Amino acid sequence: MINRRSLLMASLAALLPARASAAWWPSRPEPQTFDYGPAKLDIYAPEGAHGLPVVFFVHGGGWRIGNRSEVHAKPGFLLDNGFCFVSIDYRMLPGADVTTQAGDVAKAYAYVRANIASHGGDPARIAAMGHSSGCHLVALTGMRGDLPGVVALVLDDTRAYDLEALAKNGGMVRAYARAFPDRAQWRALSPASYVDGRKHPPTFITYSGASGRGADSTAFADRLRATGTKVTLFDGSAYSHMSIDRRLGKNGDALSDAVLAFLKASIA
């Protein structure tokens, strides 16, 4: 249950710039910032860490807005539980299309894999996590093999798993229509297109109560399971599209507990 204090903090955070709002979230360590080429990324690691598993996070924002500081309680929560955490920027629409954004995610992941050991992380134990448009980009790059060696995926609330099916079901509206205006690109930019019989890394899929999320996430989970991939499907319909991201990392939160159990079983 969200108490009055949590509601007040969330309301105030929404009115502040991204960097300022982060200060309202407890137990957040300070990151080190690096330039990976197209953009920057933040690495959060405990002092003196060595060989810890890593969570690589891609923020949401409709492929158009957002930044790497929008991590809320995730860094502190994951560091407290024995992980390093990385959050990346990537170039935004309209200056960069989704194909370019996926390339940025792959480049950031390659940078992390090459450099995380010097920050206490284990390059052989990286899980990729994304919310909303970041969820789509993690699913796309993860399914088509652009994240070599990734050992688990955490996919948090998108409808963009199969763009042709989304359009058929009347869901190609608003942010989706702006991000994917070219019908000829739909198949190439659909994570489902790359679920082609190969077994993929263990995948955690969750969805909010927003329209269509449950059905689209369940269909993608079923498609993955048919390949022999280990899939955990979490019913997050009690969350809104925003709270399913903002509450992830809150102690006592059901989704946070489920994600942590999945990560520990998959890579810790």
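Some observations on this one:
- Qualifying residue in the range 179-191 (condition: closer than 14 Å to V138 by Cα and either charged (D, E, K, R) or out of contact with any Ser or Thr (no Cβ under 8 Å at 6 or more places or on another chain) (or both)): yes
- Residues satisfying the stated conditions in the range 94-121, i.e. surrounded by fewer than 19 Cβ atoms within 10 Å (Cβ to Cβ) and not in a helix (DSSP H, G or I): P94, G95, A96, D97, G120
- Residue in the range 32-54 that is among the basic types (K, R), surrounded by fewer than 20 Cβ atoms within 10 Å (Cβ to Cβ) and over 17 Å from V138 (Cβ atoms) present: yes
- Meets criteria (crowded, with 24+ Cβ neighbours inside 10 Å, in a helix (DSSP H, G or I) and of a type in the set (G, A, S)) for G134: yes
- The one condition in (1) surrounded by fewer than 18 Cβ atoms within 10 Å (Cβ to Cβ); (2) of a type in the set (K, R); (3) within 25 Å of S87 (Cβ to Cβ) that R159 fails to fulfil: (1)
- Qualifying residue in the range 77-92 (condition: farther than 20 Å from L147 by Cβ, buried (at least 20 other Cβ atoms within 10 Å of the Cβ) and either β-branched (V, I, T) or modelled with pLDDT of 95 or more (or both)): yes
- Taken together, the residues in the range 205-231 that are surrounded by 16 or more Cβ atoms within 10 Å (Cβ to Cβ) and more than 22 Å from L166 (Cα to Cα) amount to 2.
- Boolean, S132 is among the polar types (S, T, N, Q) and in contact with a strand residue (DSSP E or B) (Cβ under 6 Å, 6 or more places away or on another chain): no
- The C-beta contact set for the range 229-253 (first residue more than 21 Å from G142 (Cα to Cα) and touching a residue at least 60 places away in the same chain (Cβ under 8 Å), second residue assigned to a loop (DSSP other than H, G, I, E, B) and among the aliphatic types (A, V, I, L, M), distance under 7 angstrom, 6+ apart or interchain) comprises H241/A210; G249/A73; K250/A73.
- Given (1) part of a loop (DSSP other than H, G, I, E, B); (2) in contact with a strand residue (DSSP E or B) (Cβ under 8 Å, 6 or more places away or on another chain); (3) among the basic types (K, R); (4) touching a residue at least 40 places away in the same chain (Cβ under 8 Å), index of the condition R68 fails: (4)
- Taken as a whole, the condition of being part of a loop (DSSP other than H, G, I, E, B), more than 17 Å from S132 (Cα to Cα) and either modelled with pLDDT of 95 or more or not basic (K, R) (or both) does not apply to P53.
- Screening the range 118-135 for residues that are of a type in the set (G, A, S) and in contact (Cβ under 8 Å) with a residue 60 or more places away in the chain and picking the one that is farthest from I205 (Cα to Cα) gives G120.
- Residue match in the range 181-197 (condition: within 20 Å of A96 (Cα to Cα) and among the polar types (S, T, N, Q)): yes
- The single condition among (1) at pLDDT 90 or above; (2) at positive phi; (3) surrounded by fewer than 19 Cβ atoms within 10 Å (Cβ to Cβ) that S27 does not satisfy is (1).
The values are calculated or read from the model by the stated rules, or taken from the named source; none is laboratory data. Computed from a predicted structure; not experimentally measured. Methodologically, a virtual Cβ is constructed for each residue, glycine included, from the backbone with ideal geometry; neighbour enumeration extends over all protein chains shown.
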